[in-house]
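S.K.: Here it is: the structure, laid out below.
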Amino acid sequence: MNVLRKILVDKDVSCKSVWFMRQAGRYLPEFREIRLKNRDFIKLCLNSELSAEITLQPIKRFDLDAAIIFSDILLVPHILGQNVDFKTEGGPKLKNFRFEKLKDNKPKDFLNKMKPVYDAIKITREKLDNTKSLIGFVGAPWTLLIYMLNLSKDKSPRIESLLSSETMDDVLDILHEYLCLHIKNQINAGAEIIQIFDSWAGLLSESDLVKFCYEPNLKLVEYCKKMRTPVICFPKGIKEKYSDFNKFVKPDALNLDYDLDPRWCKDNLKNVTLQGGLHPKTLLETESIMLEAAAKYVKIFQDIPYIFNLGHGLLPETDPVRLDKLIKFYRQHS
């Protein structure tokens, strides 16, 4: 069993591990070189050979403990028939959502169209050292819905009307079905860990968290456990409700939001491996500020199961040299 799984499954405090969300991406010159020749982001994600190559780039450069497959949570709605546009400013835009079109999907068609992702996982697993983990991932139903309805920048009554929609339960059920299918096939292809990103959980009011965040995440976590696969949850933006989420969902690990105080996390999040927390912008500060911030997390979490990571993905402006120094600092001081 590799290091990351020992921390997640056995809660082994003696094991130290480091990887980063968005570690394969725009801050790496080797990735930018590929991206220049492959302008269509969706097609790039569905190019098995290139996806595997991109996934392995940060492993070759930094010798990290885990690779996370180069893909995107929005491939699911795209494959389900809702075109995604990554070219416009202000984040991805999805074409008008139609419930009838969503209902017309068939699992066999979904798997055929998603097959390049699973092939990329197989290729990556074959090339990846056995001591390193390969992570697959999905977006949680609520977060996918926010993107599918282009509401990610909108905290207005439009979200309230979404919550009260008569079709909401049906949409959540359909998304759950295809997310489980996607999880299963990532695992079958070689993913050993699944991370669930609920990036827009913070848009929910306290009264709606159970139905639209806790319960959908719980169902996915239970499915992963049924598949005997460790699962990491990231309910970003819910602040101290992380504690309620942890008790309700019971994931193997929680990725900490950078808005959370690490001392509070240690005191209030029990029976779970903790991951991340460091603000990605810290890597844009001076080296001394960055290392001082990292040292705080190392010290607070030194005697509990902890995976060094960030409180969100690496920023495009991140200097790979700076990241390398952070990794070496963690390994020397953890």
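S.K.: Looking at (1) under 15 Å from the mean Cα position of the chain (by Cα); (2) at pLDDT below 95, which one does Asn217 not meet, given that it meets all the others?
M.R.: The single condition Asn217 does not satisfy is (2).
S.K.: Take the residues in the range 119-161 that are in a loop (DSSP other than H, G, I, E, B) and of a type in the set (Gly, Ala, Ser), then tell me which one is modelled with the highest pLDDT. Walk me through it before giving the result.
M.R.: Initially, the range 119-161 is screened for residues in a loop (DSSP other than H, G, I, E, B), giving 128-132, 140, 149-156.
Now drop any that are not of a type in the set (Gly, Ala, Ser), which leaves 140, 152, 156.
Values: Ala140: 98, Ser152: 68, Ser156: 63.
Only one residue fits best here, namely Ala140.
S.K.: If you don't mind, another one. Starting from residues that are in contact with a Ser or Thr (Cβ under 9 Å, 6 or more places away or on another chain) and not in a loop (DSSP other than H, G, I, E, B), keep the ones in the range 197-212 and report whichever is surrounded by the most Cβ atoms within 10 Å (Cβ to Cβ). Break it down into steps so the answer makes sense when it comes.
M.R.: Start the filter on the range 197-212 by keeping residues that are in contact with a Ser or Thr (Cβ under 9 Å, 6 or more places away or on another chain), which leaves 197-201, 203.
Then keep just the ones that are not in a loop (DSSP other than H, G, I, E, B); that gives 197, 201, 203.
Values: Phe197: 21, Ala201: 27, Leu203: 20.
Applying the filter and picking the extreme gives Ala201.
S.K.: Looking only at the range 251-276, count how many residues are in contact with a Phe, Trp or Tyr (Cβ under 9 Å, 6 or more places away or on another chain), among the small types (Gly, Ala, Ser) and more than 20 Å from Asp324 (Cβ to Cβ).
M.R.: Result for the range 251-276: 0.
S.K.: Moving to a separate point now. Please specify each residue of the range 190-218 satisfying the condition of being in contact with a Gly (Cβ under 8 Å, 6 or more places away or on another chain), among the small types (Gly, Ala, Ser) and more than 15 Å from Cys233 (Cα to Cα).
M.R.: Of everything in the range 190-218, just one residue is in contact with a Gly (Cβ under 8 Å, 6 or more places away or on another chain), among the small types (Gly, Ala, Ser) and more than 15 Å from Cys233 (Cα to Cα), namely Ala191.
S.K.: Of all the residues that make up the range 226-244, how many are in contact with a strand residue (DSSP E or B) (Cβ under 7 Å, 6 or more places away or on another chain) and outside any strand (DSSP E or B)? Write out each step before concluding.
M.R.: As a first pass, look at the range 226-244 and keep what is in contact with a strand residue (DSSP E or B) (Cβ under 7 Å, 6 or more places away or on another chain): 229-234, 242.
Now drop any that are not outside any strand (DSSP E or B), which leaves 229-230, 242.
Matching residues across the range 226-244 total 3.
S.K.: Moving on to the next point. Among the residues of the range 249-299, count how many are hydrophobic (A, V, I, L, M, F, W, C), buried (at least 16 other Cβ atoms within 10 Å of the Cβ) and in a helix (DSSP H, G or I).
M.R.: Filtering the range 249-299 down to residues hydrophobic (A, V, I, L, M, F, W, C) leaves 249, 253-254, 256, 260, 264-265, 269, 272, 274, 278, 283-284, 289-291, 293-295, 298.
If we keep only those that are buried (at least 16 other Cβ atoms within 10 Å of the Cβ) as well, we get 249, 253-254, 256, 260, 265, 269, 272, 274, 278, 283, 290-291, 293-294, 298.
Add one more test, that the residue is in a helix (DSSP H, G or I), and what stays is 249, 265, 283, 290-291, 293-294, 298.
Qualifying residue count, the range 249-299: 8.
The values are calculated or read from the model by the stated rules, or taken from the named source; none is laboratory data. The structure displayed is predicted, hence computed values, not measured ones. Every residue, glycine among them, receives a Cβ derived from its backbone with ideal geometry; neighbour counts consider all protein chains shown.
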